[in-house]
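A quick write-up on the structure given underneath.
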Amino acid sequence: MIEANEANTPRKEPGRVAAMFDRVAPGYDRTNTVMVAGQDKRWRKATREALSLQPGERCLDLGAGTGVSTAELAKSGADVVGVDFSLEMLKHHKDRQVPLVNADALHLPFADDAFNAVTGSFFIRNVVDLDACLAEIRRVLAPGGRMVLCEVSQPVWKPYRKAHGVFVKHVLPKVASRVASDPEAYKYLSETTMAWPDQAAFADRIVKAGFRKVAWRNLAGGAVAMHRGFK
Ligand SMILES: C[S@@+](CC[C@H](N)C(=O)[O-])C[C@H]1O[C@@H](n2cnc3c(N)ncnc32)[C@H](O)[C@@H]1O
């Protein structure tokens, strides 16, 4: 098991992270889709299906970015609101029907028990205090409400895990330093991915935050995982 040392990841100060996402916002969605070879659409759909949202339910999408994930969730007929602390990401939103709020996930501007479901895709790895964020998610969830978090994780098959590790640690920052418009963002991506806990360690933190029936489902051979828990 990898030690959960994500809190030690350098450069995770909220102002710095928000400023980095502000810089990459104009090309974020296109670059993201290219980097994951178009799998992002499938992962967004899987997240919506895992939440089993019903029309009229209230759902919060944390780290919504340009709102692409929020729009996917809204297809369920639920009332979905996206939150992001990068104003530039929000300014590049693609679907003006979906409400997006500029706020920090560690200090949500919502009442206790306000949502039936809370989710976030590739967001929670970026927060400076994981346990505080899980506590804040739990606060705004109604009793019995569910949380689904889609995040990078550890490939299950050993040879793939090794190759993936080499790619993330060595190839990604090198390629980025030559071709990317913002190499710093790719170094950050590499660092935070390496430091993020594996499936079991992250599940453990979710249990410790007070969630019940915690489980995960691997996507892309475990390079991505969806974790679920109930309040
Ligand atoms: C990698 S992007 C993912 C965007 C979108 N969910 C997706 O799947 O394409 C992570 C987003 O989380 C946001 N974010 C990170 N930490 C945050 C925090 N503490 N509060 C609110 N938003 C945050 C960033 O600004 C960024 O837009």
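The values are calculated or read from the model by the stated rules, or taken from the named source; none is laboratory data. Since we're looking at a predicted model, the values are computed, not measured. Cβ atoms come from the backbone with ideal geometry, glycine included; neighbour counts cover every protein chain shown. Protein only, heavy atoms only, side chains kept; ligands, DNA and RNA dropped before computing areas. Shrake-Rupley method; radii C 1.70, N 1.55, O 1.52, S 1.80 Å.
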Conditions (1) without any contact (Cβ under 8 Å) to a residue 60 or more places away in the chain; (2) exposed (fewer than 13 other Cβ atoms within 10 Å of the Cβ) -> ALA78 fails only (2)
Scan the range 16-32 and report the pairs whose first residue is more than 11 Å from the ligand (Cβ to nearest atom) and whose second residue is of a type in the set (Gly, Ala, Ser) and outside any helix (DSSP H, G or I), with Cβ atoms within less than 8 Å and a gap of 6+ or a chain change.
GLY27/SER181
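For the range 214-227, how many residues meet the condition of being in a strand (DSSP E or B), surrounded by fewer than 20 Cβ atoms within 10 Å (Cβ to Cβ) and not aliphatic (A, V, I, L, M)? Before you say what the answer is, go through the steps one by one.
Start the filter on the range 214-227 by keeping residues that are in a strand (DSSP E or B), which leaves 214-219, 224-227.
Narrowing the set further to residues that are surrounded by fewer than 20 Cβ atoms within 10 Å (Cβ to Cβ) leaves 214-215, 217-219.
Cutting the leftovers down to not aliphatic (A, V, I, L, M) gives us 217-218.
So the count comes out to 2.
Quick one: how many residues across the range 111-141 are touching a strand residue (DSSP E or B) at 6+ places or on another chain (Cβ under 7 Å), outside any helix (DSSP H, G or I) and either open to solvent by 60 Å² or more (accessible area, probe 1.4 Å) or not aliphatic (A, V, I, L, M) (or both)? Spell out the reasoning first.
Restricting attention to the range 111-141, the residues satisfying the condition of being touching a strand residue (DSSP E or B) at 6+ places or on another chain (Cβ under 7 Å) are 113-125, 137, 140-141.
Subsequent filtering for residues that are outside any helix (DSSP H, G or I) retains 113-123, 141.
Pick out the ones that are also either open to solvent by 60 Å² or more (accessible area, probe 1.4 Å) or not aliphatic (A, V, I, L, M) (or both) and you get 113, 115-116, 119-123.
Number satisfying all stated conditions: 8.
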Just one of (1) open to solvent by 40 Å² or more (accessible area, probe 1.4 Å); (2) farther than 27 Å from HIS107 by Cα; (3) touching a His at 6+ places or on another chain (Cβ under 6 Å) trips up VAL166, so point out which.
(3)
Index of the failed condition, TRP157 passing every other in (1) more than 14 Å from the ligand (Cβ to nearest atom); (2) over 21 Å from ASN218 (Cα atoms)
(2)
Filter the range 95-110 down to the residues that are open to solvent by 30 Å² or more (accessible area, probe 1.4 Å) and near the ligand (Cβ under 10 Å from one of its atoms), then identify the one that is nearest to THR70 (Cα to Cα).
VAL101
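With in a helix (DSSP H, G or I), open to solvent by 20 Å² or more (accessible area, probe 1.4 Å) and in contact with a strand residue (DSSP E or B) (Cβ under 7 Å, 6 or more places away or on another chain) as the only criterion, which of VAL207, VAL171, VAL175 stands out?
Details: VAL171 fails: in contact with a strand residue (DSSP E or B) (Cβ under 7 Å, 6 or more places away or on another chain); VAL175 fails: in contact with a strand residue (DSSP E or B) (Cβ under 7 Å, 6 or more places away or on another chain).
That would be VAL207, the only listed residue that is in a helix (DSSP H, G or I), open to solvent by 20 Å² or more (accessible area, probe 1.4 Å) and in contact with a strand residue (DSSP E or B) (Cβ under 7 Å, 6 or more places away or on another chain).
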Among the residues of the range 57-94, how many are out of contact with any strand residue (DSSP E or B) (no Cβ under 7 Å at 6 or more places or on another chain) and more than 13 Å from the ligand (Cβ to nearest atom)?
3
